[in-house]
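I have placed the structure first, in the form of structure tokens, so that the comments after it can refer back to it.
The values are calculated or read from the model by the stated rules, or taken from the named source; none is laboratory data. Note that this is a predicted model, so its numbers are computed, not measured. Neighbour counts run over all protein chains shown; Cβ positions are idealised from the backbone, glycine included. Accessible surface is based on the protein model in full, side chains and every heavy atom, while ligands, DNA and RNA are left aside. Shrake-Rupley method; radii C 1.70, N 1.55, O 1.52, S 1.80 Å.
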Amino acid sequence: MFRLAPPPDLSERDLVAQCLLQGDPSAQRTAQRLLFERYKRAMFSTVFRLLNDYHAANDALQDGFIEVFRNLGSFRQDSTLGAWIKTIMVRQALRHRRLSIVSEPLDLLLHDQPVDMPEGITGEQLDAAIRSLPDGCRAVFLLAEVEGYPHREVAQMLNISEGTSKSQVSYARKLLRKKLQ
């Protein structure tokens, strides 16, 4: 029997409903494929930045989408579908590599100072500098500063204290300032 694919402009609510459709595995797989295609690039970018490894990021992406499809029925639509998926992907990336947190004495850190961008620094150079950070402070920096998670949530995700999360962001900023000068 010939089935039409769901339109690519389906709303999030309709796409979730199609993915959860019981009794029509073909339509369900088509909708799941559409959801994957809609979010794969953004989610790969997120897990790659955290893992800094192409193959590990692909593994985390695949495992993350398996988890998304297993748990899609529990999506309460309190946030956007993309935000919900991103949370799953971040946790999956962190599971893939238990990150070690670099400790630096607090008195050596430059607290709450933005990273000064020297003239002529490109996005690629900034990305390379961030990727060169030690795993622990890179993860905290990306989660807090790039992804916008509050330090409380970063601390819970990484199983560290909120103070450690804040100090790691400061440490990352310090390292970035040195690398970008």
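Count of the range 139-181 residues, restricted to those that are outside any helix (DSSP H, G or I) and more than 22 Å from E119 (Cβ to Cβ), is 7.
Give me the helices (runs of 4 or more DSSP H) completely within the range 1-82, filtered to those with at least 3 residues that are touching a His at 6+ places or on another chain (Cβ under 7 Å), ordered by residue number. The helices (runs of 4 or more DSSP H) meeting that bar are 54-71.
Each row is one residue, and each column tells you yes or no for (1) of a type in the set (D, E); (2) modelled with pLDDT of 90 or more; (3) over 28 Å from I66 (Cα atoms); (4) open to solvent by less than 20 Å² (accessible area, probe 1.4 Å).
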residue	(1), (2), (3), (4)
M89	no, yes, no, yes
S100	no, no, no, no
H111	no, no, yes, no
I121	no, no, yes, no
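If the requirement is being among the acidic types (D, E), touching a residue at least 24 places away in the same chain (Cβ under 8 Å) and open to solvent by 40 Å² or more (accessible area, probe 1.4 Å), which of these qualifies: D14, D63, D78? Every option except D63 fails the conditions. Scanning the range 140-162 for residues that are touching a residue at least 24 places away in the same chain (Cβ under 8 Å) and charged (D, E, K, R), which turns out least open to solvent (accessible area, probe 1.4 Å)? Taking the candidates together, the pick is E147.
Being farther than 30 Å from P134 by Cα and at pLDDT below 90 is the requirement here; does S26 meet it? So S26 fits the description; yes.
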